[in-house]
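Here's the structure, in structure tokens; my notes come after.
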Amino acid sequence: MSHELVLRQEAIRLKQAGRAVSWICQHLERSREWFYKWWSRYLLEGASGLRDRSHAPRTNPRGWSNEICQAILDIRERLARRHGPRERYRLAGAPTIYHELACLGYESLPSLRTIERILQKGDRTSPVFRPQACAASSDYPIPHAKHSNQRHQVDLIGPRYLKGSQRQWFFLVYRDTYDQAVYVEFQPKPHMEAVLAFIVRAWQRLGLPDTLQADNSDLFGLTSHPGSLNRFVRLALLVGIELTSSPNTSHGAMVPSNTSNGWLQDRLLTIPLHSPAQVRRELGAMMETCFHEHIHPNLNFQTTAQVRRNLAVRTLPHNFRRHLQPLPVAVGHVTFTRRVRTLGRITILGVRFKVGKRLAHQYVSATLYTRTMIVKIHSHGQLIKQFDFSFVGKRLL
């Protein structure tokens with residue numbers, strides 16, 4: 001990577017971090033014209049726009065015909081142009097190019113890795129330019145869905161600020177981990193009733209899942225008293241969904257849940273945002289593009305819309321209002337994945353349980369069964385402890 005490209009990337013990062021343009025130019029010893037040239041290029045083309053325009057001849061790696069190499073480069077160049085909200089969220093990587101080649105009728109198709117090499121030879125690759133993701137511990141149990149609506153995830157991302165405003169805003173993100181269907185809303189810091197209304201709209205749009213993973217403690221774990229179940233937990237139990245909650249990492253960040261946070265960081269949050277209406281228009285374009293245009297290699301190169309075309313979903317009626325009423329605790333179970341502390345303890349809904357120092361720094365699974373109010377602790381699939389749960393509130397529906 002050239003020194004000049006490194007400077008361009010640093011300039012963009014400093015601008016996104018809130019530094020003044022004059023400070024950036026002085027720090028990097030570059031002119032304001034230089035900065036605005038690359039800032040405009042970045043807003044228009046994304047991170048790939050920070051590279052110099054290539055005038056090198058388009059080469060032909062490993063014997064592929066000039067025709068297909070040129071087609072790959074041309075498709076990439078067209079997909080990389082982003083002039084409007086919808087185009088901003090289109091993918092331009094090897095899977096999308098592979099799918100388009102197939103749609104154009106090319107009989108012999110290169111592999112994804114070969115497409116990447118052709119793009120690299122033609123200087124059409126983008127520099128790595130995104131926040132480093134937090135890696136999960138190797139002993140953390142990560143479940144994988146095998147069909148749509150088997151496992152969903154919900155998260156609260158924020159706070160974020162609109163240009164010229166100090167008011168805090170948040171993204172509520174809901175996602176199917178199998179087919180990548182996503183539903184996102186933009187709200188001021190939401191109270192519990194707003195969260196429940198969002199969850200209901202997500203269920204009406206995507207259908208009810210078998211399991212819902214909620215890692216954010218503001219959504220899941222905060223209760224008025226230790227041992228109580230908040231309205232979010234009660235609503236999920238009422239409609240027959242198993243809730244799961246994952247732990248904090250040792251650095252305080254959530255174990256990655258593969259939400260759309262990457263899209264928000266890489267595309268949406270890199271443009272000037274002035275009003276809630278503008279953000280919601282962008283979110284509409286993002287959701288529409290993700291649903292109908294994003295190609296998923298692990299789903300046989302299908303889009304989310306194609307995967308869900310004949311899906312029989314369990315959903316809520318449009319006039320569902322149960323979340324607006326008092327919610328007793330229904331029969332069901334809630335599962336918590338927790339890392340055992342040095343003293344051999346874990347905490348669930350404000351209640352501490354001692355599972356043993358021999359399991360310190362390991363992950364265990366704790367399931368609360370609401371019929372009996374018993375918590376069962378499992379390690380590597382084996383039952384190791386069982387406790388009565390000190391429940392606060394009305395027992396059952």
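The values are calculated or read from the model by the stated rules, or taken from the named source; none is laboratory data. Every value quoted in this text rests on a predicted model; they were computed, and no experiment measured them. For neighbour counting, all protein chains shown are included, and Cβ atoms are generated from backbone atoms with ideal geometry for every residue, glycine included. What goes into the accessible areas is simple: the full protein's heavy atoms, side chains included, and nothing from ligands, DNA or RNA. Shrake-Rupley method; radii C 1.70, N 1.55, O 1.52, S 1.80 Å.
At a glance:
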{"quantity": "Failed criterion for LEU43 (all others in (1) modelled with pLDDT under 80; (2) assigned to a helix (DSSP H, G or I); (3) surrounded by fewer than 17 Cβ atoms within 10 Å (Cβ to Cβ); (4) hydrophobic (A, V, I, L, M, F, W, C) hold)", "calculated": "(1)"}
{"quantity": "Boolean, ARG341 is in a strand (DSSP E or B), of a type in the set (D, E, K, R), farther than 26 Å from VAL200 by Cα and open to solvent by 50 Å² or more (accessible area, probe 1.4 Å)", "calculated": "no"}
{"quantity": "Failed item, numbered, when ASN310 is tested on (1) loosely packed, with under 13 Cβ neighbours inside 10 Å; (2) within 30 Å of ILE12 (Cα to Cα)", "calculated": "(2)"}
{"quantity": "Cβ pairs under 6 Å, 6+ apart, first in the range 371-388 and in contact (Cβ under 8 Å) with a residue 40 or more places away in the chain and more than 16 Å from GLY344 (Cβ to Cβ), second aliphatic (A, V, I, L, M) and surrounded by fewer than 17 Cβ atoms within 10 Å (Cβ to Cβ)", "calculated": "ARG371/VAL331"}
{"quantity": "Residue among LEU383, LEU368 that is surrounded by 15 or more Cβ atoms within 10 Å (Cβ to Cβ), modelled with pLDDT of 90 or more and not in a loop (DSSP other than H, G, I, E, B)", "calculated": "LEU368"}
{"quantity": "Which numbered condition THR347 fails, given (1) open to solvent by 30 Å² or more (accessible area, probe 1.4 Å); (2) part of a strand (DSSP E or B); (3) in contact (Cβ under 8 Å) with a residue 24 or more places away in the chain", "calculated": "(3)"}
{"quantity": "Residues satisfying the stated conditions in the range 21-33, i.e. in a helix (DSSP H, G or I) and open to solvent by less than 60 Å² (accessible area, probe 1.4 Å)", "calculated": "VAL21, ILE24, CYS25, LEU28"}
{"quantity": "Residue count for the range 67-101, restricted to those that are modelled with pLDDT of 80 or more and of a type in the set (Gly, Ala, Ser)", "calculated": "2"}
{"quantity": "Any hit, the range 247-259, residues being at pLDDT below 80, crowded, with 20+ Cβ neighbours inside 10 Å and under 21 Å from TRP169 (Cβ atoms)", "calculated": "yes"}
{"quantity": "Considering residues of the range 289-302 that are within 16 Å of the chain's Cα centre (by Cα) and part of a helix (DSSP H, G or I) only, the residue surrounded by the most Cβ atoms within 10 Å (Cβ to Cβ)", "calculated": "CYS290"}
{"quantity": "Criterion: touching a Leu at 6+ places or on another chain (Cβ under 7 Å) and open to solvent by less than 80 Å² (accessible area, probe 1.4 Å) - qualifying residue of ALA305, ALA330", "calculated": "ALA330"}
{"quantity": "Count of residues meeting criterion [open to solvent by less than 20 Å² (accessible area, probe 1.4 Å), assigned to a loop (DSSP other than H, G, I, E, B), within 28 Å of LEU324 (Cβ to Cβ) and of a type outside the set (A, V, I, L, M)] in the range 160-189", "calculated": "0"}
{"quantity": "Subset tally (residues that are modelled with pLDDT of 75 or more, among the charged types (D, E, K, R) and either under 23 Å from the mean Cα position of the chain (by Cα) or surrounded by fewer than 17 Cβ atoms within 10 Å (Cβ to Cβ) (or both)) for the range 46-59", "calculated": "1"}
{"quantity": "Pairs with Cβ under 8 Å, 6+ apart, first in the range 1-20 and under 16 Å from SER40 (Cβ atoms) and open to solvent by less than 60 Å² (accessible area, probe 1.4 Å), second modelled with pLDDT under 85 and not in a helix (DSSP H, G or I)", "calculated": "GLN9/PRO127; GLN9/PHE129; ILE12/PHE129"}
{"quantity": "Selection status of VAL340, modelled with pLDDT under 95, of a type in the set (Val, Ile, Thr) and under 29 Å from the mean Cα position of the chain (by Cα)", "calculated": "yes"}
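Here's the yes/no breakdown for (1) at pLDDT 90 or above; (2) of a type outside the set (D, E, K, R); (3) touching a His at 6+ places or on another chain (Cβ under 8 Å):
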| position | (1), (2), (3) |
| --- | --- |
| VAL154 | yes, yes, no |
| PHE186 | yes, yes, no |
| LYS189 | no, no, no |
| GLN204 | yes, yes, yes |
